[in-house]
Each structure stands twice: as structure tokens, then as C-alpha cells.
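So the structure is just underneath, and the comments pick up after that.
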Amino acid sequence: MTDATPTAKAAPRVRPLDHPVWPLWRAYKRLFPTPGMLISGATTPGSWGWFGNDVVSGLRRNPSTAKAFALVHDTSPDLFNALSALATLNQRRQELGFQMLAVFYVTVPVTLFVSAGEIAPEATLAFARDQADTLFGMVAVVIVTTLIYLASLWRARQMVQVLDLIRLERGVSPVSTVELREG
């Protein structure tokens, strides 16, 4: 005897990166490399635009901004909105990561050092003297890591700001709840 119960049809498997926004996102984020930030920070109109009361016009004249305008020129409003929402989500996640890093890097070492100094001041000073090179190395790693995270956060914010410029010139209003939320 066979079971006559109809089998439910399985839903099609959707891979997470099948949405058309992902190739556009990959191309867009390449326009804002974090490692190149020091050079662009000294040579682009946006970097020199920080002198004065207009910090938007320089951003609009940046080569990366022009490339971003060209990249999204022919995108549909829906795809543009998806890209903009993804950039905003990326920025918020970068902010959370930076906040976590800052709290961890400041709170944990300072608390441990101050606590050790209260419990055993002489031993703490002796340790600091004996391990000065190691401590300086650790401080250098913390500073460099923090600067890398800060540069990444700066770029994430710049990516959203450029999309805001494009949105303004296209006359498109924010439609995503991600974009409408306060940061």
C-alpha cells in the first residue's frame, strides 16, 4: 500500500548573494578603499574642502564620487535604493564595531592597569619598567588597529554620503526604513 498524501513542493533554495545588489555593492565599495585613504585624504578636493563652511562641494568633485555617479547612472530606483540601504546598514555595523573596539581597548587595559596599581603599586611599576618594550608594542598595536577601524568607519560614512549626493541629484527620496532611521 502506498501513501497517497501529496508531498509539499520544496521552496526554491535562494542563495544569500543572488540578489542583484551584491555585484553592484562589490563594485561600489571598491571605489572607496580604506588603504588608499591617506593618499586621497591629502590630494582630493573633498579633503581640501574641510577648510571653510562648505564640506559638500569638495566631496562632489572627488574622483571616487564621479566614478560612483557613473556606476549607478543606469540603475533602477529599486536597485539604487537597495544599494543605499546596504551602505547605510554597513555604516551602522562599522559604527558598532568601532564603538566595541574603543570600549574594549580603553576600558579593559586601563581597568587592569589601574586595578593592579591599586593592589600592588610597586610590582606594577616594576612590571611596567621591566616590560616597557612589550607594553609599548602592545600600545602601538592598539593604536594602529584603532586607526584602521577609524579609517574604515570614515570610508563607510563617505560611501553613504556619496549615495546621499546621488539621491539628491536624482530627486529620489529615501524609502528604506534603514535609511530613515536616525544614526
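The values are calculated or read from the model by the stated rules, or taken from the named source; none is laboratory data. Please read all numbers here as calculations on a predicted model, not as lab measurements. Using ideal geometry, Cβ is built from the backbone for each residue, glycine included, and neighbour counts are taken over all protein chains shown. For accessibility, only protein heavy atoms count, side chains too; no ligands or nucleic acids. Shrake-Rupley method; radii C 1.70, N 1.55, O 1.52, S 1.80 Å.
Across the stretch 126-137, which residue is nearest to V72 (Cα to Cα) among those that are assigned to a helix (DSSP H, G or I) and open to solvent by 60 Å² or more (accessible area, probe 1.4 Å)? Selected residue: F136.
Per-residue answers, yes or no, for (1) surrounded by fewer than 12 Cβ atoms within 10 Å (Cβ to Cβ); (2) touching a residue at least 60 places away in the same chain (Cβ under 8 Å); (3) in contact with a strand residue (DSSP E or B) (Cβ under 9 Å, 6 or more places away or on another chain):
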{"position": "L59", "(1), (2), (3)": "no, yes, no"}
{"position": "A66", "(1), (2), (3)": "no, no, no"}
{"position": "F69", "(1), (2), (3)": "no, yes, no"}
{"position": "S76", "(1), (2), (3)": "yes, no, no"}
{"position": "L79", "(1), (2), (3)": "no, no, no"}
{"position": "Q91", "(1), (2), (3)": "no, yes, no"}
{"position": "V103", "(1), (2), (3)": "yes, no, no"}
{"position": "V106", "(1), (2), (3)": "no, no, no"}
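Hey, any hits in the stretch 72-87 for a residue that's modelled with pLDDT under 90 and either part of a helix (DSSP H, G or I) or of a type outside the set (F, W, Y) (or both)? No; the residues of the stretch 72-87 include none that is modelled with pLDDT under 90 and either part of a helix (DSSP H, G or I) or of a type outside the set (F, W, Y) (or both).
With the structure loaded, tell me whether A123 is part of a helix (DSSP H, G or I), touching a helix residue (DSSP H, G or I) at 6+ places or on another chain (Cβ under 9 Å), modelled with pLDDT under 95 and surrounded by fewer than 12 Cβ atoms within 10 Å (Cβ to Cβ) or whether it fails that test.
Working: part of a helix (DSSP H, G or I): yes; touching a helix residue (DSSP H, G or I) at 6+ places or on another chain (Cβ under 9 Å): yes; modelled with pLDDT under 95: yes; surrounded by fewer than 12 Cβ atoms within 10 Å (Cβ to Cβ): yes.
Yes: the conditions hold for A123.
Out of all the residues in the stretch 138-158, is one or more small (G, A, S), without any contact (Cβ under 8 Å) to a residue 24 or more places away in the chain and in a helix (DSSP H, G or I)? Yes. Among the criteria (1) over 22 Å from the mean Cα position of the chain (by Cα); (2) surrounded by fewer than 14 Cβ atoms within 10 Å (Cβ to Cβ), the one F113 does not fulfil is (2). When E118, E95 are checked against the criterion of being of a type in the set (D, E, K, R), farther than 24 Å from G36 by Cβ and either open to solvent by less than 40 Å² (accessible area, probe 1.4 Å) or at pLDDT 90 or above (or both), a single residue qualifies: E118.
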